[in-house]
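Heads up: the structure comes next, in C-alpha cells.
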Amino acid sequence: MLNKIKIKDKILPFNKSIRVSGDKSISIRCVLLASQAIGKSRIYNLLESEDVINSLRVIKKLGIKYIKKKNFYEINGYGLDGFLVKKNLTIFAGNSGTLARLILGLLVNSQNKVKIIGDKSLSSRDFSRVTNPLSEFGASFSNKNNKLPVIIQGTNFLRPIKYLENLGSAQCKSSVMLAALKTDGKTIIKAKKSRNHTEIFFKNLNIPIKVKEKSNYDYIEIYGKSNFSGFSYDVPGDISSSAFFLVLTLLTKNSQLTIKKVNINKTRIGIIKILNKMNANILFKNKMKYKGELVSDIIVKSKSNLKGIRCSKNINSSAIDEFLLIFLAAAKAKGISTFKDLGELNKKESPRLDIAVQFLKSIGVKVKRHDNDIKIYGNPKLDLKGKYVIKNFKKDHRIFMMTCVAALTLGGKFEIYDKDSINTSFPNFLKLLKKLGAKLN
Ligand code: S3P
C-alpha cells in the first residue's frame, strides 16, 4: 500500500468530544525515570508511539526489564547504578531527539562505551548541545561533526557542574538534570524558560531539587546521588497532539470540540495563549492538579474572525512544537502576523521554519522572511482550488499532520506523502480525524 493519503474535501461541521493519546515528553520521562528507580513502576496511558517504544527498547538493551500488562506498563529498575551495559553496545533512538539527548545524560556513569545511533533525520541534528555540558561532568565522547553516531564513555569520577542553558531547550536542560542525578554534590543550572516536566517529576519523586523561577530564566539546583523508589503514573493527554484539533476546529465552520484530560502545564500552552490573542475563545474546564502537572478538558469552537498577532518571542519556547499550526491560523486571520527569533524551529525533526515558509507560499499565502523572523499576511478569504502534492519534508510527523489540517480546512485537492510519519508521536491521528467526519483516501 502506498504511504500517502488524498484529501479532496473540507471536513464538514462537527460537535464532538475526543481524547488524544498520552503526552510524548512525559511518556519518555516516565520510561527513563522508571529505569532509574528502585523497584517496580506502573505507567498508565503511556503513549504507544515509535519515540516511546524506542525508549522502552533502549532501557531493555541497558538491562532493564519491562512488561506490558492490560492497561499499564510495568518497569523494574535497580536504582541509579542499575544499567547493565554490555561491551560494544549500540542503541537506536529512532527519530527522537528527546530520547537520544536524555539517555546520554543517564549514561554519564556507564563503565563501558555505548554508541547512540538514530534515523536519517536524527542523524542530521546537533549533539554538541548536550555533549558539551556532559563532558564537563567527566564523560568522554567521540563523534564526527557533532552528529550521531555519538559514542559515550562514562566515568565513576563525576563532578557536579554549573551550566547555562541558553537555547530554551528542555532536552538540554533535562539531559544535564539526569546527569546531575548520577553525580555526588550540587549541580547548578541557569536555564532559559522551557518545558519543566523533568523538574516537576524530580519534586514528585522526592529527588532533592530547588527551582527558582524568574521572568526569563529558571535557576535549578540538584543534589545527587539520591535513589528513589518505583512510582505509579497516569500520563495525561498531549497538548501538542491536541493542537492539530484546536486549529482544525477553529478553521471549520459551526463546529465545537472538547478534548478530555490534556496536560496544560503553563510551559506548554503557548499555542492557546497565541490563538486566544488572535480572537479564539479556547476554554479550560475541569482543571485539576495531577502529581504537580495541571490537567484539564479543553473546549474549542469555530472562529471565522481570527485576527493577526505580533507574537512576543518570550512565548516561543512554550509553543515550540506548534508553530506550524499557528502559522496556518495566521494565514486565515485578518491582518499581518509577525513571529520572531524562530531559529530553533530549523533544528527540529526537519528544518520546520524553511518548510513552513515554502508550504505557505505554495498555497498562495504572502510571507516575508528576514533571518529567523517571519511576517504572514493573513487572508480570511483564503480558499484553495488547486492540486497540491506535499512530499520531501524529511518524514516530519508534524509537517504531515499540519498539512492534513490545511487540506481539511482550506479546500483544494491534496496528496500528502509519508503517512507513516504519524507513528512517531500520534499513531491515532488519522483515526480521530475520521471520527470527526474527515474523508481520507
Ligand atoms: C522536548 C523538548 C523540545 C520539543 C520536543 C520535546 C522534550 O525540544 O521540541 O518535541 O520533551 O524535552 P528542544 O529541547 O530541542 O527545544
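The values are calculated or read from the model by the stated rules, or taken from the named source; none is laboratory data. None of the values given here were measured: they were computed from a predicted structure. Counting neighbours? That spans all protein chains shown, and the Cβs are built from the backbone with ideal geometry, glycine included.
Figures for the structure shown
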quantity	calculated
Some residue of segment 392-399 being more than 23 Å from SER123 (Cα to Cα) and of a type outside the set (Phe, Trp, Tyr)	no
The one condition in (1) under 17 Å from the mean Cα position of the chain (by Cα); (2) closer than 21 Å to SER140 by Cα that LYS86 fails to fulfil	(1)
Wholly within segment 333-417, strands (runs of 3 or more DSSP E) carrying at least 1 residues that are within 18 Å of ARG310 (Cα to Cα)	335-339, 366-370, 373-378
Subset of segment 147-172 (residues that are among the hydroxyl-bearing types (Ser, Thr, Tyr) and either in contact (Cβ under 8 Å) with a residue 60 or more places away in the chain or within 16 Å of the ligand (Cβ to nearest atom) (or both))	TYR163, SER169
Residue tally, condition in a strand (DSSP E or B), more than 16 Å from the ligand (Cβ to nearest atom) and touching a helix residue (DSSP H, G or I) at 6+ places or on another chain (Cβ under 9 Å), over segment 7-41	5
Segment 305-319, residues that are closer than 11 Å to LEU345 by Cα and free of Cβ contacts under 8 Å to residues at least 60 places away in the same chain	ALA319
Subset of segment 133-147 that is surrounded by fewer than 23 Cβ atoms within 10 Å (Cβ to Cβ) and in contact with a helix residue (DSSP H, G or I) (Cβ under 8 Å, 6 or more places away or on another chain) - its residue that is nearest to GLY118 (Cα to Cα)	LYS147
Test for GLY185: is it surrounded by fewer than 16 Cβ atoms within 10 Å (Cβ to Cβ), more than 16 Å from the ligand (Cβ to nearest atom) and among the small types (Gly, Ala, Ser)	yes
Residue in segment 82-94 that is more than 24 Å from LEU205 (Cα to Cα), buried (at least 16 other Cβ atoms within 10 Å of the Cβ) and within 16 Å of the ligand (Cβ to nearest atom) present	yes
Candidates SER215, SER242, filtered to the one that is out of contact with any Pro (no Cβ under 8 Å at 6 or more places or on another chain), of a type in the set (Gly, Ala, Ser) and assigned by TED's automatic domain parsing to the domain that holds LYS193	SER215
Segment 188-199 - residue that is within 11 Å of the ligand (Cβ to nearest atom) and not charged (D, E, K, R) and, of those, surrounded by the most Cβ atoms within 10 Å (Cβ to Cβ)	THR198
Total residues in segment 283-296, condition surrounded by fewer than 19 Cβ atoms within 10 Å (Cβ to Cβ) and farther than 22 Å from LYS193 by Cα	6
All positions within segment 96-132 that are farther than 24 Å from ALA34 by Cα and either more than 13 Å from the ligand (Cβ to nearest atom) or among the hydroxyl-bearing types (Ser, Thr, Tyr) (or both)	ASP119, LYS120, SER121, SER123, SER124, SER128, ASN132
Subset tally (residues that are part of a helix (DSSP H, G or I), more than 11 Å from the ligand (Cβ to nearest atom) and surrounded by fewer than 24 Cβ atoms within 10 Å (Cβ to Cβ)) for segment 306-325	3
Any chance GLU344 is buried (at least 21 other Cβ atoms within 10 Å of the Cβ), under 19 Å from the mean Cα position of the chain (by Cα), within 16 Å of the ligand (Cβ to nearest atom) and among the acidic types (Asp, Glu)	no
All positions within segment 105-155 that are of a type outside the set (A, V, I, L, M, F, W, C) and assigned to a helix (DSSP H, G or I)	GLY105, SER123, SER124, SER128, ARG129, THR131, ASN132, PRO133, SER135, GLU136
Sole exception among (1) closer than 30 Å to ASN156 by Cβ; (2) within 16 Å of the ligand (Cβ to nearest atom); (3) not β-branched (Val, Ile, Thr) for GLY224, by number	(2)
